[in-house]
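*Asks:* I'd like to ask some things about the structure below.
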Amino acid sequence: MNAISMAAAFLSGILGSMGLGGGTVLVVYLIRYMGFSQTAAQGINLLCFIPTALGATVIYTKNKLTDKKTVIPLVLWGLIGSAAGFLLLDKLPEEILRKLFGGFLVMLGLKELFSKNR
Amino acid sequence: MQGLITAFAGTVIGVINALFGAGGGTIAVPFIKRRGKRQKEAQASSIAVILPLSTLSAAVYYFKGYFDIGDALKFLPFSVLGGIAGSFIMKKISDKALKKAFSLLMIYLGVRMIFKG
């Protein structure tokens, strides 16, 4: 566990807490520099997000920053989307998944680059 | 109509979370903001949405044997620390420069992933 790995996870945590898709940084780092497969990297990132988000969610909810009426429908539809996502995950070869992920990163980057307001 | 858009947004967030294991918040935050919430509220609600989805996805990935818990646990503490640091930074620094740098990095990394042999 070297310093750069720690920094990558740390940076990912920072960006993730800002709603900037920070988990993608960790996924890319794990694949390119640590040699993990696409799905392994994604799985590790997912697990890391849970405690990172849990504390924040408890605090945000106490401070009334979260809104049930907004959150619950999104979660319910999200679960349906997840089911579809898992099916795709099963069928897609890793190479295709990697390219799709790369395309997703480019889209995110462009969106952020050209977004006007905060 | 509003319900339909919510359904679409929620579904997309779920697909992204399950398929890519990251990035769902980038759909969630803008969507919630357009519903009238402020930035902080949107981010808070977004995390509240992504959390259960990520929990499910992590479980599925784990049971499919995609990753090893030991590996994940090595990175976990640093991610958590980053999350805490992020919540402090958010209040102090203007994140415009950070966003620009981050977006350029994403584009670069994305292109490399697409064309990696």
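The values are calculated or read from the model by the stated rules, or taken from the named source; none is laboratory data. Source: prediction; values computed, not measured. With ideal geometry, Cβ positions are generated from the backbone for all residues, glycine too; neighbour counts draw on all protein chains shown. What goes into the accessible areas is simple: the full protein's heavy atoms, side chains included, and nothing from ligands, DNA or RNA. Shrake-Rupley method; radii C 1.70, N 1.55, O 1.52, S 1.80 Å.
*Asks:* Answer yes or no as to whether residue A:54 is part of a helix (DSSP H, G or I), at pLDDT below 95, among the hydrophobic types (A, V, I, L, M, F, W, C) and open to solvent by 70 Å² or more (accessible area, probe 1.4 Å).
*Replies:* Considered against the rule, which asks whether it is part of a helix (DSSP H, G or I), at pLDDT below 95, among the hydrophobic types (A, V, I, L, M, F, W, C) and open to solvent by 70 Å² or more (accessible area, probe 1.4 Å), residue A:54 comes out as yes.
*Asks:* I'd like to check something: does segment A:14-21 contain any residue that is assigned to a helix (DSSP H, G or I) and at pLDDT 90 or above?
*Replies:* no
*Asks:* What number of residues within segment A:64-114 satisfy the criterion of being within 24 Å of residue B:3 (Cβ to Cβ) and of a type outside the set (Gly, Ala, Ser)?
*Replies:* Here the count works out to 15.
*Asks:* If the requirement is being farther than 18 Å from residue B:87 by Cα and either open to solvent by less than 20 Å² (accessible area, probe 1.4 Å) or of a type in the set (Ser, Thr, Tyr) (or both), which of these qualifies: B:14, B:36, B:3, B:25?
*Replies:* B:14
*Asks:* Hey, among the residues in segment B:1-56 that are among the charged types (D, E, K, R) and part of a helix (DSSP H, G or I), which one's modelled with the lowest pLDDT?
*Replies:* B:40
*Asks:* What do you reckon, is residue A:87 open to solvent by 70 Å² or more (accessible area, probe 1.4 Å), within 21 Å of residue A:22 (Cβ to Cβ), more than 7 Å from every other protein chain (Cβ to nearest Cβ) and in a helix (DSSP H, G or I)?
*Replies:* no
*Asks:* Identify, please: which residue in segment B:57-74 is more than 7 Å from every other protein chain (Cβ to nearest Cβ) and part of a loop (DSSP other than H, G, I, E, B) and is, among those, least open to solvent (accessible area, probe 1.4 Å)?
*Replies:* Here the answer is B:65.
Condition check ((1) buried (at least 16 other Cβ atoms within 10 Å of the Cβ); (2) within 15 Å of the chain's Cα centre (by Cα); (3) closer than 28 Å to residue B:3 by Cβ; (4) among the aliphatic types (A, V, I, L, M)) across all residues:
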| position | (1), (2), (3), (4) |
| --- | --- |
| A:27 | yes, yes, no, yes |
| A:33 | no, no, no, no |
| A:43 | yes, yes, no, no |
| A:62 | no, no, no, no |
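*Asks:* Next question, about the same structure. Consider residue A:87 carefully, then state whether it is closer than 30 Å to residue B:37 by Cα and at pLDDT 90 or above.
*Replies:* Taking the combined requirement at face value, the residue does not satisfy it.
*Asks:* Hey, can you tell me all the residues within segment A:1-13 that are surrounded by fewer than 24 Cβ atoms within 10 Å (Cβ to Cβ) and of a type in the set (A, V, I, L, M)?
*Replies:* The answer is A:1, A:3, A:4, A:6, A:7, A:8, A:11.
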